[in-house]
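S.K.: Let me begin by handing over the structure; questions about it come next.
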Amino acid sequence: MTEDAIAKTSLNKFEKLKKEKDGLAVKAELAQFASIGWEAMDDTDREHRLKWLGVFFRPVTPGKFMMRMRLPNGIINSQQLRTLGEIVENYGDDGCADITTRQNIQLRGVRIEDLPDIFNKMQQVGLTSVQSGMDNVRNITGDPIAGLDADELFDTRELASQIQDMITGNGEGNLEFTNLPRKFNIALSGGRDNSIHAEINDLAFIPAYKDEQFGFNVLVGGFFSAKRCDAAIPLNAWVAPSDVVAVCRAVLEVYRDNGLRANRQKSRLMWLIDEWGLEKFRTEVEKQLGKTLVSAAEKDAIDWEKRDHIGVYSQKQPGLNYVGLHIPVGRLFAQDMFDLARLGEVYGNSEIRFSVEQNVIIPNIADSRLKALLNEPILARFSIDPEPLMRGLVSCTGAQFCNFALIETKNRALKEIAFLAQELELSRPVRIHWTGCPNSCGQPQVADIGLMGTKARKNGKPVEGVDIYMGGTVGKDAHLGTCVTKGISCEDLQPVLRDLLIEHFQAKPREKVLVST
Ligand code: SRM
Ligand code: SF4
């Protein structure tokens, strides 16, 4: 029997566990889990269902869980960030946090006995982590400079929050959407530069004018997986902002009720669209929505190169600025979180934002406060003007915490960049994305150079290696890069990257200074 045929004969493991008990049910059992401890818990509750609350068992560090928040549009405030800082501070050397490729934050080192207290604290400051893992909708991404950008076409903040509230029952959990066939990604773009990689989401809204009215063209089916990666395709639908939440609901309902569930490798939305054809899918969405979809605007309004927002920029509000800080590979420690919270509070309006490049933006800084902010010691580490290779560096979690990883990523990425920066001079940033395995959380297909962890061989022995992707473009006319070289051993990577940077990105070898002794 083929893999598919076997899968069709019975429910797969994940469909079974969802059928036995909804993931969200563990919300009521947290106090009990806390009292018995992680080792005494039912395996399925611990390793799978807790993800419905955003709590991830880490086989690499058993007993030290990861917590994934939800931050619609990537926005957090100082009080919230400080609260998260206090949580990770509790865990000493085990505690840290990562800004994610979905403008979000994950905490590390979390102990099961502390969960009731952590959830209380989160509730007090208006944070939720519900439905952030497994077969749920992930963090809703939106323009990181929404409401600040003089050239923006639409401020995505309110819609991102409304979509999250609809899906999660205002952050409490919503059984309507806790049993999707698979994960689901939604993105909203309101600026002219597609700053959230709309094309790699299951459902994306991109700005487009129709009869001079502002609205969004709808894209569907974008996703990355180990088996297949596809850019989203146009649904041939244009929706007014006031219909966006309803369209999200309709698409999710169609996917929930009809998405393919037999084989987990073929369950993302695009597989349903393939099976039905786009026309049928569109018709089913219309039925669920209860109205006809307007055909797409001929052209979308994304006509800029993508910006990374690192540096100092004037806002549309006169006299105010936003400052983008580069956070190397998105890693934060408790003190960093306290420092960033303080910067937001002292210099801005207590708001801190995250970008899909795993960086931070502090908005609403008055002209008169800029100089003092730029003199803050933390800017020596979280630079507004990083070296060009560092500037475009993104990395997934990798082997330090992720059991899918085939290689270590974050620390290796930093080491490789430090070496290359010493060797080469570049006049522009090169976006290098590392991802530890073919799941592609680090989005190597959108990068100038994408590095995907793999098993390679050297001198007949298995070693850590990477497949190299190139040609990913972002912003207007974004398209996915492809694999150009397979199985380079990590030990041999430096000269390969050096040559690629010289050949394709105009890097120049630095002159070696000869020191005479
Ligand atoms: Fe991811 C699974 C980390 C963005 C595709 N991803 C995982 C898990 C949960 C696996 C696990 O249990 O260990 C990783 C947790 C590791 C850890 O301890 O942090 C993980 N994914 C991440 C993050 C943290 C990477 C990062 O360093 O930023 C990102 C969290 C985003 C968030 O805030 O929710 C993250 N993952 C992505 C993206 C990028 C995106 O959304 O733009 C993708 C590709 C896009 C997509 O999903 O279509 C992505 N992650 C996957 C997949 C492959 C999905 C599939 O259909 O096969 C898996 C594996 C799975 O779901 O079975 C996965
Ligand atoms: Fe883990 Fe692989 Fe995702 Fe990296 S790409 S976080 S190694 S699942």
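S.K.: So what are the ³J(HN,Hα) numbers for the range 201-216, from phi and the Karplus equation (6.51, -1.76, 1.60; θ = phi - 60°), rounded to whole Hz, Gly and Pro as x?
M.R.: After applying 6.51 cos²θ - 1.76 cosθ + 1.60, I find 10, 5, 9, 9, 10, 10, x, 7, 9, 10, 6, 6, 9, 7, x, 10 Hz.
S.K.: If you don't mind, there's one more thing I want to ask. Dividing the Cα radius of gyration by the Kirkwood radius, what Rg/Rh value follows for the range 426-517?
M.R.: 1.07
S.K.: At a Cα cut-off below 12 Å, give the aspartates and glutamates reachable from LYS410, other chains included and same-chain residues fewer than 8 away excluded.
M.R.: ASP98
S.K.: Which of rounded, prolate or oblate describes the range 3-289 when judged by the alpha-carbon gyration tensor and an a/c cut-off of 1.5?
M.R.: It comes out oblate by the Cα gyration axes.
S.K.: Based on the Cα coordinates of the range 269-355, what is the per residue volume of their convex hull in Å³?
M.R.: 238 Å³
S.K.: While we're here: Keeping all protein chains in place, calculate the accessible area per residue for the chain (probe 1.4 angstrom), answer in Å².
M.R.: Averaged over the residues of the chain, the accessible area is 40 Å².
S.K.: Let me ask you something else. If you average the sequence gap of Cα pairs under 8 Å that are 6 or more apart and divide by the length of the chain, what percent do you get for the contact order?
M.R.: Relative contact order, the chain: 13 percent.
S.K.: Output needed: percent of Cα pairs per 10 Å distance bin for the chain, bins running from 0 to the one holding the longest distance.
M.R.: Each 10 Å bin holds this share of Cα pairs: 4, 19, 29, 28, 16, 4, 1, 0, 0.
S.K.: Here's a follow-up. Straight-line reach only, C-alpha to C-alpha below 20 angstrom: list the lysines that LYS27 could link to, leaving out same-chain residues fewer than 8 apart.
M.R.: Those lysines meeting the cut-off are LYS16, LYS18, LYS19, LYS51, LYS64, LYS121, LYS183.
S.K.: Related question: If you take every residue apart from GLN103 with its C-beta less than 11 Å away from the C-beta of GLN103, what net charge results, scoring Lys and Arg +1 and Asp and Glu -1? Present the calculation step by step, with values, prior to reporting the outcome.
M.R.: Numbers: positive: ARG70, ARG102, ARG138, ARG353; negative: ASP143, GLU357.
Computed value for this residue: +2.
S.K.: Here's a follow-up. Checking the a/c ratio against 1.5 first, then a/b against b/c, what shape does the Cα gyration tensor give for the range 426-466?
M.R.: It is oblate, given that a/c is not under 1.5 and a/b is not larger than b/c.
S.K.: Computing the accessible area with a 1.4 Å probe over protein heavy atoms, can you report the carbon and sulfur percentage for the range 3-289?
M.R.: Numbers: 4530 of 10120 Å².
The C+S portion of the solvent-accessible surface of the range 3-289 is 45 percent.
S.K.: ³J(HN,Hα) across the range 82-89 via Karplus (A = 6.51, B = -1.76, C = 1.60, θ = phi - 60°), whole Hz, x for Gly/Pro?
M.R.: Taking θ as phi minus 60°, the curve returns 5, 4, 5, x, 5, 4, 6, 4 Hz for the range 82-89.
S.K.: I'd like to compare 157-168, 271-282, 469-480: which one has the highest average count of other Cβ atoms within 10 Å, and what's the full order after that?
M.R.: 157-168, 469-480, 271-282
S.K.: Identify all aspartates and glutamates with a Cα-Cα distance to LYS280 below 15 Å; exclude those on the same chain that are fewer than 8 residues away in sequence.
M.R.: Candidates past the 8-residue exclusion: GLU253, ASP257.
S.K.: Here's a follow-up. Can you give me the Cα centroid spacing of the range 137-154 and the range 420-443 in angstrom?
M.R.: Value for the Cα centre distance between the two parts: 25 Å.
S.K.: Still on this model: Would you kindly enumerate the cysteines in the chain that have no other Cys beta-carbon under 4.7 Å from their beta-carbon?
M.R.: Lacking a cysteine Cβ partner under 4.7 Å: CYS96, CYS229, CYS248, CYS402, CYS437, CYS483, CYS490.
S.K.: Spelling out what I want: for every residue of the range 245-252, take phi, set θ = phi - 60°, compute 6.51 cos²θ - 1.76 cosθ + 1.60 (Karplus), and round to whole Hz; glycine and proline get x.
M.R.: In residue order, the calculated couplings are 5, 5, 5, 4, 4, 4, 4, 5 Hz.
S.K.: A follow-up question, please. Note down the net charge around LYS280, summing +1 for each Lys or Arg and -1 for each Asp or Glu among other residues with Cβ under 13 Å from its Cβ.
M.R.: Within the 13 Å Cβ shell, the charges total -3.
S.K.: Could you tell me the largest-minus-smallest coordinate of the C-alpha atoms of the range 372-491 on each of the three principal axes, in descending order and whole angstroms?
M.R.: Projected onto its principal axes, the Cα set of the range 372-491 covers 55, 34, 29 Å.
S.K.: Taking the Cβ-Cβ separation of ASN263 and ASP303 as r and a Förster radius of 30 Å, what is the calculated FRET efficiency to the nearest 0.05?
M.R.: FRET efficiency, ASN263 to ASP303: 0.15.
S.K.: Can you give me the C-alpha center-to-center distance between the range 458-517 and the range 254-270, rounded to a whole angstrom?
M.R.: If we compute the Cα centre of each part, the gap is 36 Å.
S.K.: Right, another one. Residue farthest toward the positive end of the dipole of the range 305-434, with Cβ of Lys/Arg at +1 and Asp/Glu at -1: which of VAL356, VAL430, ILE327?
M.R.: Result: VAL356.
S.K.: Roll a 1.4 angstrom probe over the protein heavy atoms and tell me the percent of accessible area of the range 404-517 that is carbon or sulfur.
M.R.: Here carbon and sulfur together make up 54 percent of the probe-accessible area.
S.K.: In nm, to one decimal, how far is the modelled label at CYS483 from the one at ILE36, with both set 7 Å along Cα→Cβ?
M.R.: About 4.3 nm, to one decimal.
S.K.: Calculate the tail of P(r) for the range 1-139: the fraction of all Cα-Cα distances greater than 19 Å, expressed in %.
M.R.: Details: 5012 of 9591 pairs.
The answer is 52 percent, as a whole percent.
S.K.: Name all residues of the range 346-390 having a backbone nitrogen under 18 Å from the label point set 7 Å from the Cα of GLN79 along its Cα→Cβ direction, giving them as ranges.
M.R.: Output list for this probe position: 346-353.
S.K.: Let me ask another. Report the charge-dipole magnitude of the range 3-289 in Debye, nearest 20, computed about the Cα centre from +1 at each Lys and Arg Cβ and -1 at each Asp and Glu Cβ. Could you put the intermediate results ahead of the total?
M.R.: Details: 36 positive and 43 negative charges, 171 e Å.
Taking the Cα centre of the range 3-289 as origin, the dipole is about 820 debye.
S.K.: Whole number please: convex hull volume per residue, Cα atoms of the range 132-269, in Å³. Don't jump to the answer; show the numbers that get you there.
M.R.: Details: hull volume 14.3 nm³, N = 138.
That works out to 104 Å³ per residue.
S.K.: So, one more: LEU379: net charge of surrounding residues, Cβ under 15 Å, Lys/Arg +1, Asp/Glu -1, itself excluded?
M.R.: 0
S.K.: Something else: Using 0.36 nm times the number of residues separating GLN506 and ASN120, minus their current alpha carbon distance, what extension gain do you get? Spell out each step's value before the answer.
M.R.: On the way: separation 386, 0.36 × 386 = 138.96 nm, distance 5.25 nm.
Full extension of this stretch gives 133.7 nm more.
S.K.: Hey, got the Cα dimensions of the range 313-385 along the principal axes, in Å, largest first?
M.R.: 33, 23, 21
The values are calculated or read from the model by the stated rules, or taken from the named source; none is laboratory data. Quick caveat, the model's predicted, so the values are computed rather than measured. Ideal geometry is used to build each Cβ from the backbone, glycine not excepted, and the neighbour counts take in all protein chains shown. Just so you know, the surface numbers come from the protein's heavy atoms only, side chains and all, with ligands and any DNA or RNA stripped out. Shrake-Rupley method; radii C 1.70, N 1.55, O 1.52, S 1.80 Å.
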